[in-house]
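Values in this text are rule-based calculations from the coordinates and carry no lab data. Worth saying up front: this structure is predicted, and the values here are computed from it rather than measured. Note that we place each Cβ from the backbone using ideal geometry, even for glycine, and neighbour counts take in every protein chain shown.
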There are 2 protein chains.
Amino acid sequence: MSEVTRPTLSDALTERMLELIRTGGHRPGDRLPSTRELSQRFAVTTPTLREALRRLEATGAIEMRHGSGIYVGAAIERLVLPNPNMREIRAAQLLELLDARIVIEPPLAAMAAGRAAEEELTALKQALDTAGRHLRGEDAELHDANMSFHRATARMAGNVVLHEVVDALLTVHGPEQREILQLFDDRRRDHEEHLAILAAIEARDAAQAEERMRAHLVDVKTVIEQRVQSPR
Amino acid sequence: MSEVTRPTLSDALTERMLELIRTGGHRPGDRLPSTRELSQRFAVTTPTLREALRRLEATGAIEMRHGSGIYVGAAIERLVLPNPNMREIRAAQLLELLDARIVIEPPLAAMAAGRAAEEELTALKQALDTAGRHLRGEDAELHDANMSFHRATARMAGNVVLHEVVDALLTVHGPEQREILQLFDDRRRDHEEHLAILAAIEARDAAQAEERMRAHLVDVKTVIEQRVQSPR
């Protein structure tokens with residue numbers, strides 16, 4: 001028997017599951033048939049079915065909730081995904097990631113200035129106020145608030161694909177960004193730069209929003225470069 | 001028994017596999033222990049192990065080659081992945097994808113003009129010559145040559161993360177782009193625009209490379225918009 005069995009069957013099952021979701025008109029959050037029903041429908045054993053389900057789970061196409069069932073995942077319609085297997089990021093990669101954000105995020109801030117809805121701006125202002133109250137608080141909370149700012153700006157730009165790209169970059173970025181935030185000076189400056197970017201978006205000043213986002217990310221990169229060169 | 005069993009075990013196994021790859025210093029292409037050895041090492045049954053392997057396979061962290069074994073996958077170090085479950089793209093999504101490329105690719109063409117190596121330029125010129133000889137040939141070949149041009153330009157920009165982003169966008173883009181190419185007029189124009197972009201990169205004219213890439217992608221988007229509005 002060959003070492004790796006049934007590759008074709010697993011591929012075929014994955015396709016049939018995707019077809020079932022598509023032709024059934026299922027949307028993210030919708031409940032799918034049970035593993036028992038699915039293995040009967042596809043005439044395969046449970047272990048074989050489960051291999052296909054794990055593939056789909058790993059890429060966010062389905063969610064398997066313990067004791068509850070199988071649901072269509074939020075990521076099924078995404079074009080771009082963060083790599084879920086990224087565990088540690090090398091310093092050089094982190095700087096490249098920042099350079100990538102410096103290319104992508106400033107034009108999104110400009111787009112946001114052109115089309116952000118008032119409700120979105122109000123929500124973002126509230127999120128920043130919350131972040132402002134956590135400047136001395138837990139790293140994790142402040143980090144989440146900061147990443148929310150960048151995700152929200154990308155969302156306000158109104159392009160789903162670019163929002164996915166930024167979301168993917170921020171997701172892999174997580175733990176290292178958190179470490180950086182441990183320097184309080186940078187927390188305060190980070191926060192003030194976020195407020196300044198929001199002010200430019202609110203003023204519908206695309207050029208200024210773009211320039212402030214670029215300057216902000218260059219600042220973040222400078223801090224990271226210093227940390228990489230002289231870690232504590 | 002709950003419907004979905006062993007979620008924690010599958011998560012834990014995935015982590016242990018990633019740890020094995022990392023601590024073993026394994027690189028993409030390296031061969032990993034057999035399923036038999038792995039299930040012994042982790043003290044789990046083969047079906048349970050295989051669930052974890054399929055998760056890792058789905059996200060490109062490993063490759064399972066039928067009759068050969070398990071290898072470290074090329075995508076394990078990527079930050080951003082194309083969604084492997086994308087089967088059909090809606091027209092609105094396709095236009096958003098083009099808008100995303102219009103934001104990301106022009107600055108990459110400018111960066112390429114600043115730093116592309118001579119060998120890279122020579123290779124790209126050869127790839128374009130090949131494409132030029134296939135203007136009346138098979139769709140698939142010409143499509144591959146065209147996508148190679150955009151991937152190569154992104155690579156020459158010298159930022160791995162941005163190259164991954166463009167690669168991810170072009171990967172999901174595939175089938176629809178191919179359909180567009182069936183209009184011969186666009187094939188010819190597409191090709192000429194690629195040559196003009198390359199000429200600007202070769203001349204180390206960053207502003208012109210950026211502007212030509214932008215104009216080219218806007219042209220592509222215009223063609224797609226027309227097709228979306230009046231499909232054959």
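Relative to the longest principal axis of the Cα atoms of chain B, the long axis of helix B:139-156 lies at roughly 90 degrees.
Taking 25 °C and 0.890 mPa s as conditions, the stretch A:91-229 diffuses translationally at an estimated 166 µm²/s according to Stokes-Einstein applied to its Kirkwood radius (Cα pairs).
When B:Asp139 is represented by a point 7 angstrom out along its Cα-to-C-beta vector, the spacings to that point in the other copies are 5.2 nm, nearest first. Among the lysines, select those whose C-alpha is under 25 Å from the C-alpha of A:Lys221, and discard any that sit fewer than 8 residues away in the same chain. Once the sequence-local lysines are set aside, what remains near A:Lys221 is A:Lys125.
On full extension, the segment bounded by B:Ala74 and B:Arg189 gains 38.0 nm, given 0.36 nm per residue less the C-alpha separation.
Express the Stokes-Einstein translational diffusion coefficient of the stretch A:1-121 in µm² s⁻¹, to the nearest whole number, given a Kirkwood radius over alpha-carbon pairs, 20 °C and a viscosity of 1.002 mPa s. D = 122 µm²/s.
Rg and Dmax of the protein assembly as shown, based on Cα coordinates, read 23.4, 68 Å. Once the chain from A:His66 to A:Asp139 is taken as fully extended at 0.36 nm per residue, the excess over their C-alpha distance is 23.3 nm.
Between A:Thr222 and B:Ala43, the simple spin-label model (points 7 angstrom out along Cα→Cβ) gives 5.4 nm. Protection proxy ranking, highest mean first, for peptides A:187-193, B:222-228: A:187-193, B:222-228, where packing is the per-residue count of other beta-carbon atoms within 10 Å, averaged. Taken over the stretch B:7-77, the ratio of Cα radius of gyration to 2.2 N^0.38 Å equals 0.98. If you wrap chain A in the convex hull of its Cα atoms and look at it from every side, the mean projected area works out to 16.2 nm². Here's how it looks for A:Ile62: its modeled amide H is under 5 Å from those of A:Glu57, A:Gly73, which are all 5 or more places away or on a different chain.
Taking amide H as placed 1.01 Å from N in the peptide plane, B:Asn85 has no amide H partner under 5 Å among residues 5 or more places away or on another chain. Centre-to-centre, using Cα atoms only, the stretch A:98-133 and the stretch B:1-76 are separated by 39 Å. Summary for A:Ala12: label point 7 Å along Cα→Cβ; distances to the equivalent points in the other copies, ascending, 3.5 nm. Averaged over the residues of A:142-150, the number of partner chain Cβ atoms lying within 10 Å of the residue Cβ comes to 0. B:Ser34 label point (Cα plus 7 Å toward Cβ) to equivalent points in the other copies: 3.8 nm, shortest first. Peptide A:57-65 has a mean shielding of 5, counted as Cβ atoms of other protein chains within 10 Å of each residue's Cβ. Counting only other chain Cβ atoms within 10 Å of each residue's Cβ, the peptide B:200-206 averages 0.
Pairwise Cα distances in the stretch A:48-101 exceed 14 Å in 65 percent of cases. In terms of packing, defined here as the mean over residues of other Cβ atoms within 10 angstrom, the peptides B:208-214, A:44-50 line up highest first as B:208-214, A:44-50. Between the Cα long axis of helix A:118-133 and the first principal axis of chain A there is an angle of about 70°, rounded to the nearest 10.
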